[in-house]
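Report on the following structure.
Rule-based calculations on the coordinates, nothing more; no lab input. Please read these numbers as outputs of a predicted model, since none were measured by experiment. All Cβ positions, even for glycine, are placed from backbone atoms using ideal geometry, and neighbour counts span all protein chains on display.
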Amino acid sequence: MTPDLFTSDGHRDDAGRVTDGRVAKSVRRMLSEDRTRELLGIRVDSAADGRARARMRVRPDMVNGHAIVHGGLVFALADTTFACAVNSFGPPVVTASADIAFRRPGHLDDDLIAEAVTRSWQGRSVICEVTVRRGDDVIAEFSGRGVRLVPADGNPSAGREPVPGSLSGRAGHEEHRVRPAGADTGAVDGPAVPGHEPGH
């Protein structure tokens, strides 16, 4: 059984947890339909228990007029890694807001690696931080807030179809939980999308 990852105030309490090589089933499902990830060549190495790691090699068509990787593509890598981390619990979550700080430029042929950690979960609101690196150099730091999607009946729960574009939670009406309800605790080993070929 997976231990509780968050304390009663909603903050993470397992800084040393490692999820190498594990990708939660909920993330596999999400990635199987993610055409943007395929287009950018983003590879998800792991995504489980609110953590994720993904990578992207900088191609010639990703470099801007200053001979550095386009910031929007670094953001896309960070946001994808964020999505993998927060969706690894099971219930569908989307980005509500995000902030990014670019620390160093990336260049052609750089292998950028993004690592995400879910820091807190309160009610339907989740906070996750992502660091993008090239080797030991920090390229960017991303902080995002996600919210769970609301199903048609208005009661968030795992396994129900959400209303497209509908966000859950209202400011000032968040309740504290030990961990998200309906968490997808079973993570599996192997590639991010087994048996799925790009474009199919």
Task: Distant-in-sequence amide H partners of D45 (H built 1.01 Å from N, under 5 Å) - done: R53, A54, R55
Task: Label-point separation, N64 to D137 (7 Å along Cα→Cβ), nm - done: 1.6
Open item on the list: List the residues, sorted by chain then number, that are 5 or more residues from A96 or on another chain and whose placed amide H is less than 5 Å from its amide H.
Closed with: R145, G146, V147
- [ ] Find, among the trypsin sites (Lys or Arg not before Pro) in the stretch 48-129, those assigned to loop by DSSP (not H, G, I, E, B) with at most 14 other beta-carbon atoms within 10 angstrom.
- [x] R103
Open item on the list: Please compute the modelled spin-label separation between R29 and R119, points set 7 Å along Cα→Cβ, answer in nm with one decimal.
Closed with: 2.9
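Starting from the Cα coordinates of the stretch 56-130, work out the convex hull volume and express it per residue in Å³.
Spelled out: Cα convex hull of the stretch 56-130, divided by residues, is 97 Å³.
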